[in-house]
Structures are given as structure tokens and as C-alpha cells.
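Since the structure comes first, as C-alpha cells, the remarks are kept for the end.
Derivation of every value follows stated rules applied to the coordinates shown; laboratory data play no part. Bear in mind the structure is a predicted one, so any value in this text is a computation, not a measurement. Cβ atoms come from the backbone with ideal geometry, glycine included; neighbour counts cover every protein chain shown.
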Amino acid sequence: MATLKIENLTKTFHAHSKGGLPTRAIQDISFEMSGQVFVSLVGPSGCGKSTLLNIVSGVDTPSTGTVTVTQDGKKARLGYVFQDPRLLPWRTVMQNMLYVSDLHEEEGRANATKYLEMVGLEHAHEMYPGQLSGGMQQRVGIARAFSVSPDLLLMDEPFSHLDAITARSLREELQVMWNATKKTVLFVTHDVLEAVQLSNRIITLAHGGTVFDDTTVELPFPRKASDPDFAAHQAEILGRFEVMEAERAAAAG
Amino acid sequence: MSVATRLNRPPFKRSPVGRALTSQWGARLTSYVVFIIGWQLLAMLVERVPGPWETLDFIWREVSGGDLGGVRRGQFLEHFGATVPRFAIGLTTSFVVGTVVGIAIGSVSFVRALLSDVLLVFLALPAIIWAFLTVMWYGLGWEAPVYTVILSATPFVAVNVAQGVRAVSPELHRMSDAFGVPRNRRLRSLMLPAVTGYLFTGLRFAVIIGWNAVLLAEWFGATDGVGWRARLWYDAARYRGFIGWAIIFIVFIFLLDGLVLSPIQKRAFRWRKSASDEVDLEHGLADMEAIAKTPFL
Amino acid sequence: MAEAATLEGTSRRLAGARLRRASGVVLGWGAFVGLWAFTSSVILTEFTLPGPLKVWDAIWVIVTAGSWADDFLISISKTFMGFAIAVLIGTPIGYLMGRAGYWKAFFHDGVVGAGSVPGIVYAMMALVIFGIGYLGPVLAVGLISMPFIALNVAEGLEGVDTDLLKMSKAFGRSERQSLRHILIPSILPFAFAGVRLSFAIAWKVEALTEVFGSSNGVGFQIRFAFQGFSIPRVLAWTLMFIALLLLIERALAVLERWLFRWRTWEQEE
Ligand SMILES: Nc1ncnc2c1ncn2[C@@H]1O[C@H](COP(=O)(O)OP(=O)(O)O)[C@@H](O)[C@H]1O
Ligand SMILES: [Mg+2]
């Protein structure tokens, strides 16, 4: 299990055009997570969630501050599930799985098969992404991320492009896979219900990229939205969002 | 990754002169300077190739008059006056005929089956074949150039218009069905905007193909006109004249495209995307693809 | 049951459509040849526009004479030589244009301009520079094809999905792996389209240059026939050349469809 440590992270994007203002995407964020936790990062659109994940994964670099991901003191392996499937359209499902694998051909295949089976796509090895539905493509994306045996798994709103029913069944599958593997997961979403359903801990970001709130959710799995405790948790977090919006409105004058 | 990241700017690019030189306009200007220098070098290397100043001087004299090796000069406008009407008549005819045929091909599947293969042969038939044939049919005169333009440009207009008709998405037709949009409003608001773009692309095709065709036909079968004039210098082994006229041909087509066709097409395509003052690669590319299918022979 | 019935109905409808299409194609060719024969014998004369039979005879004479293959080979070898030069020069230019705004602006006017110059101008330039010989047509082909290849490579590079590159980085893939699995597969369809498009014009300019000045090749034969006032032979050489090129074109199209089969699935979705 990995340890993610973020200290005084700030990210500013340069202005695209001359005379434009630079965008402050993240402002002085610090938090730490480690072990078998499922942490959700919740916040309104544009508050810097994706930027944070990109920095954690090394795709982007911090402006100031430090991000370290370690696994028993060593550099940790990462898996990433994106908002869109991000599969190579010119490669088959199996080739897409092998693309991120560092194992030998045979082993890699066996490993990929195992994870494709977990998401119910054992029959789709030789298909191209274009032949799959959006939900199936996202399943491949999830299988791909799990298949590299990541120490830390990053997920960026993985279900937001899907219809509600597909999203629900994928959420349940994710829950099962997490219970089986107990990865350290950092999960980004704008959906409070999804966060309460899946995570042990919920970090809320505010507009402008600051941490607004950080709570733990101690409900037993599997969780049901009909459960009163669940509803109470959800209501509490939504209530804090209202406070946040009110503060923002007040600040805006 | 290397594509996604830009190189860091060296100090040179931060100075005002450096910034001017590395701007879009600086880049364009530099390219023209490099072109002129390259031409000059080529002229020094290959004896037959005239240099830029020599050529410019020739063009000027062709306009202003004088005498070169017994050939009277200064009939620049007369020759254009002979060529442009041939070009215009041929172009108009092929535009009208091509549009009618194109609509038929695009909207009636039987006509499409009937004509598509034959059209392919006509598209592949090089303009010079038409020039040869029309010269044999009509002899030297105005007919060969006009008919060469018509015969070589019409298939391209037809193909483009047909594509435009076919490009109206069936979804939009179904949507119009669902809302019971009346026929004439559908024609005006759905079909026409969809086809106009293709119509203009077709026109631009026709212009380039037609220009090439009229030049070829005049080269082989006329007693005046700009194509004939170019041949005169070629036969006299005056390469200055030959290249000079080549430059004039290019400038003519650029002016026609830039001053007339491009603005009209931009207007027709207003709804597509907002204007951008960057060098518009996609626009150039669409034209290139269009032009790529032209029979230049 | 019901499903089987509709399936059968659909396939019957499809078969009907295919039959109609096929009959249209046959009718189209019939009408074309008929109109040609009619024009040549009734409207014009056999001398000014030889009919299909006469042209067929001319083709037969050319084929049986035997040396026709040499002319085709030499024309095609010139086309491919010019083409190779265009790829060698056009690819790096396209690469620069796709990667940096400066080079895009630098090459834009020249490349787009070079693509809209009438073929006759290239033929003339090639003649002035190289005179009559092998290199003239090669240069003309190179000049006219280069812009298409450059622009297509540039477009392919600009269209590379940066999100895929980010994915690749997030999963710790090396630059070489990204190049092989992302950059090259994204550029390839564009490069191929460029090759196919420019091939369609390259041969025409090649033949045109031969018409203007050459001592061998198909264009030379056409010119030779024209000077001998033999229209049947002009048409025979032209039609043979067109047939060969349409064949190459088709082969390229089939190859393209096979190479990029993942694309059709993407569109069907
Ligand atoms: N590459 C970029 N260049 C400039 N601004 C960016 C870039 N990426 C993100 N931003 C800006 O940073 C802010 C946070 O974006 P993001 O992290 O994508 O938000 P979200 O929380 O919705 O994932 C937004 O205002 C966005 O416009
Ligand atoms: Mg986001």
C-alpha cells in the first residue's frame, strides 16, 4: 500500500493569449493518505481536481510544493482511469492491455485476461475500441489500470460520461474489485452520492483549488443509498457545499 | 510527449527584433526572402534559368512595350483580353452544367449508378487530351480553349455538387420529418446551406482546372492569348519570357482566388467557425485536397 | 419467426438494391459507349472522333507491337522517382509544420501556393531547368506532390490526441513506445491519404511533362500520335494509361481500407 503526501501544492497555468490572466488551478493544498484507503476528492467543476491527479501521476508538474508517492520508501507504481476511456483506437483490446504491461508477452496476456475477465470482457480480446460501447470501453480502461498492479490507483470521474444504469453497475464492480485488492485509491468525482457510496474518506475542494473539508465515512460496505446513515452522510456533505457556495457568494459581494 | 511540450524560448526570441522575426508575419516574410535567394542561386547555377530581377524586368517590358528579337511587346492586355473571355465562358458553362448533373447524381440513386463509373473516366481524362481533340475538331481559334475548359472542368463541379447533396445528414432529414418542416423551408434552410460550401469548392476546382485547360489549349491551338504568348517565347528559346509568363499565370490564379473566390467562400461558410487571424492550415488543406483531384494534364 | 421474416425481407431488399445498382452501372457503360459511337459516326466523323471500335483496334495494334510495356514502365518509374523525392522533402517539412507555429507560418504560403499552381507551369519549369530528359518529369512530379504530402503529415501531427500521450506517460511508457504506438499510427492514415491524393495528380503532370518534352514514355507517345494526326492512337494510349492508373488507385484504396480497418469501426459506433 502506497503513501501519497502532498505538501503546499500550488499550480498556476500560464495565460494562453497575450494579456490574458494566468489560471490559479490549485492553491496551497496539503494532505496525506496511505494504506488500504479509498479517498474521494469532491468539488465543483473547474476546481482543480483533474489538475491535481495529473500532478500526482507525473503528467503535469507542480508550480510550487511537493508531491511524493512512495511504496515502502520506493517509488510507487501508478494506475490511472481517465474520464474518457483513452484507449488506442488502432489497437485491439488485448493490445491495449499489453501496451501498458511490463511483463513478458505470455505472462502479460495471462494477466490481461485475468483483469478483462473481472470486468466481464473475456470475449472482447480481439475487438477494436470502436466496436465497443462506451461502458465497455470504460471497463477496459478500469481493467487496464488494475492490470499494472498499481500501488496507487488514480481515477478521474471515471463514470461521469456513462448513463446512470451502466455507471451504477460499474460502481458495484469497482467496489468488488477494490474489496478484493485493497488498493490505495484516489478517486475524483463531482457526485457526492458516488463519493459516499465508495470511499472511506472524502476531501472537498472549493473553487480556486483549496481544501475546504476533509471527513471520514465509517459505514460498512456494501453501502445502500436507502440506508438512513448513508442519507445522513450525504446530506451533511451537501450541506457543507451549500455553506461553501454561500461563502463564495458573500465574497463575490 | 515531445509533441505536447514546446521548447523553452531562447533569449533571442525575447528581444523585440527576435520577436518580430519569430512572429507569424516574420516567418512568412523570411520564407519569401529565402525563396527569392534560392531562385537567384538556381539562376546562377543553371544557365537557362533566368533570375528574379531579369524575369521581373521581362514582365515589365511585356506590359510597357518595346521590342525583343523582332517580337513586338506591350500587348499584355490584348492577350489577357483574348484569354479571359474564353476562360469565363467555359467556366460559367461548366459551373451550370456541372451543378445540374451533380444534383441529379446526388439525389437519384439510379443516376448515380448510371454515371459514377463514367464520371471516373472523365475525371481521369487529362485536359491535354481535350485540348488535342478540340484543336483537331475546331482548328486554331477561340473554340478549342472554350471547349477544353468545359470538358475538363464540368466533371469536377458535378462530383462536388453531388457530394454536397449526399452530405446532408439523414438525421437532419429525419429531424425535419419529425417536426413536419415544409418542403421549401427545408430546401432553403437545410439543403442550400449544406450544398453552398461544396458549390464553392466546386467553383474553385473549376477555376484552377479551367485555367490550366485554357492555357494548354491556347498553347497548342490558338493564334493569340496568354498561353499562345508563352509558347511563342518557348519556341524562340527565350526562357525569360517563358518563366515570366509562368509567373504571370500563377499570380493571376492567386489574385483571382484571394480577391474573389476566397472572400465569397468565407461568407458562405460563416456558420462553420469563427474567423481566426492565425494562418489557417485547415482552410488551405481543404483546398489542397480539392485541388489534388484536378486533372492538370 | 418474425425476426427471421424481417431478416429475409431485409436481405431481399438489399439484393434488389444491389441488382438495381449493377444494372445502372452496366447501363451507364452501355450508354457511354453508345453515345461515343453515335457522336463519332453521326455528329462528328470517324476521322475527328474515332469510335470505340477504332480505338480498340489501335489499342490492339499497340499491345501486339510489344514495346508498349517499356513506355509504361519508364513513365511509372519517373512518377515513382518524383514521388520518392516528394516524400523525402515533404515529410520533414510537414513534420516541422505540425510541430512548431513558426515553421507552419514559414512554409504555409509556399506549400499551399505550390499546390494550386497549374500543372502546365510545372511542366514548363522542369523543361527549362533540365531540358528534355529523364529528370524533367521527375522534377515536375516532385514539385506537384510535395505540398500534399507535407500538408497531410502536418495535419496528422496536429491531430495527435494529446490525451493519449498523457495516458502513455501516466502508465510510464517510454518516448519510443509512444512514438511507435501513438504518433506513427495517428499520422499514418493522413500520410497515406496524402500519397493517394498526390498520386492521382502526379502521373498527370508526369505525362504532361513528357508531352512537352521527352523522347520516351506514355506522354511522348501521345504527343507523337498527335503530331501524326492519329487520334485513335492518342485515345488508345490515354485510355490504357487511365486503366492502369485506376487499377493502381483501386489497389491503394483496398490497402488503405485494410490498414486502417479500426477506423471504419470507430465511425460505425
Ligand atoms: N492545460 C491547461 N491550461 C490552462 N488552464 C488549465 C489547463 N488545465 C486546466 N486548466 C484550468 O485549471 C482549472 C482547473 O481545471 P481542472 O483541474 O480540469 O478542473 P476539474 O476540477 O473540473 O477537473 C480550470 O479553471 C481550468 O480551466
Ligand atoms: Mg476534471
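If you bin all the Cα-Cα distances of region A:151-241 at 10 Å, starting from zero, the percentages per bin are 14, 50, 33, 3. For region B:83-139 and region B:143-162, what is the centre-to-centre distance using only Cα atoms, to the nearest Å? Region B:83-139 and region B:143-162 have Cα centres spaced 4 Å from each other. A simple charge model with +1 on the Cβ of Lys and Arg, -1 on the Cβ of Asp and Glu and nothing else charged puts the dipole of region C:52-268 at about 300 debye relative to its Cα centre. Taking 15 Å as the straight-line reach from the Cα of A:Lys74, the aspartates and glutamates in range (excluding those fewer than 8 positions away in the same chain) are A:Asp151.
Write down the Kirkwood hydrodynamic radius of region C:115-207, to one decimal in angstroms, obtained as one divided by the mean of 1/r over all alpha carbon pairs.
Evaluated on region C:115-207, it is 15.1 Å.
When Cβ neighbours within 10 Å are restricted to other protein chains, what is their mean count per residue of peptide B:119-127? If you can, show how the numbers build up before the last one.
On the way: counts 2, 3, 6, 1, 3, 11, 5, 12, 5.
Mean number of neighbouring Cβ atoms from other chains: 5.
Taking label points 7 Å from Cα along the Cα-to-Cβ direction, A:Asn179 and C:Leu244 give a separation of 7.2 nm. The magnitude of the dipole of the protein assembly as shown, with charges of +1 and -1 set on the Cβ of Lys/Arg and Asp/Glu and taken from the Cα centre, is near 1240 debye.
When the helices in the protein assembly as shown are scored as -39500 (n - 2.57) per DSSP H run of 4 or longer and the sum is shared across all residues, what 222 nm value do you end up with, to the nearest 500 deg cm²/dmol?
Details: 33 runs with 533 residues, N = 819.
Calculated from helices alone, the mean residue ellipticity at 222 nm is -21500 deg cm²/dmol.
Shielding value for B:249-262 is 2, the average number of Cβ atoms from other chains within 10 Å of each residue's Cβ. A dipole drawn for the protein assembly as shown from +1 and -1 charges on Cβ atoms has a positive end, and of B:Gly18, A:Pro222, B:Ala246 the residue lying farthest that way is B:Ala246. When Rg and the Kirkwood radius Rh are both evaluated on Cα atoms of region B:71-293, their ratio Rg/Rh stands at 1.05.
Can you work out the FRET efficiency for the pair B:Thr92 and B:Val251, with r the C-beta to C-beta distance and R0 = 25 Å, to the nearest 0.05?
Working: r = 23 Å, r/R0 = 0.91.
For R0 = 25 Å, the calculated efficiency reads 0.65.
Distance between the pseudo-spin-label points of A:Glu107 and A:Ala250 (7 Å out from Cα toward the beta carbon): 5.8 nm. When both bridge partners sit in the protein assembly as shown, DSSP labels roughly 55% of those beta bridges antiparallel. Find out how many positive minus negative residues lie around B:Thr92, taking Lys and Arg as positive, Asp and Glu as negative, among other residues whose Cβ is under 15 Å from that of B:Thr92. The answer is +2. Modelled spin labels at C:Gln177 and B:Ser189, positioned 7 Å past Cα toward Cβ, are 5.3 nm from each other. For the peptides A:79-89, A:43-53, the ranking by packing is A:79-89, A:43-53, with the highest mean count of neighbouring Cβ atoms within 10 Å listed first. Here, region B:196-265 is characterised by an Rg to Rh ratio of 1.08, where Rg is the alpha-carbon radius of gyration and Rh the Kirkwood radius. If you model region C:52-268 as an ellipsoid using its alpha carbon gyration tensor, with each semi-axis the square root of five times an eigenvalue, the axes come out at 40, 21, 12 Å, biggest first. Rounded to the nearest angstrom and listed largest first, the equivalent-ellipsoid semi-axes of region A:32-139 from its Cα gyration tensor are 29, 19, 13. If you look at the Cα atoms of the protein assembly as shown, you get an Rg and a Dmax of 33.0, 106 Å. Other protein chain C-beta atoms within 10 Å of residue C-beta, averaged over C:45-58: 1.
For chain A, the Kirkwood hydrodynamic radius comes to 19.2 Å, computed from all pairs of different C-alpha atoms.
Using the Cβ-Cβ distance between B:Val121 and C:Asp163 with R0 set to 30 Å, the FRET efficiency from 1/(1 + (r/R0)^6) comes to roughly 0.10. If you take the Cα centroid of region A:114-181 and the Cα centroid of region C:210-227, the two points sit 64 Å apart.
Dipole orientation for the protein assembly as shown: of the candidates C:Leu208, A:Ile55, C:Phe83, C:Leu208 has the Cα lying most toward the positive pole (charges on Cβ; Lys, Arg +1; Asp, Glu -1). For chain A, the longest principal axis of the Cα atoms and the long axis of helix A:134-147 meet at an angle of about 90 degrees.
Between region A:227-249 and region C:68-144, the C-alpha centres lie 67 angstrom from each other. All C-alpha to C-alpha distances of region C:15-142, sorted into 5 Å bins beginning at zero, yield P(r) values of 2, 9, 9, 11, 10, 10, 13, 12, 10, 8, 5, 1, 0 percent in whole numbers.
Please say if region A:48-110 is rounded, prolate or oblate, where rounded means a/c under 1.5 for a ≥ b ≥ c the square roots of the C-alpha gyration tensor eigenvalues, and otherwise the choice is prolate for a/b larger than b/c and oblate otherwise?
Oblate is the answer for region A:48-110, as a/c is 1.5 or above yet b/c matches or exceeds a/b.
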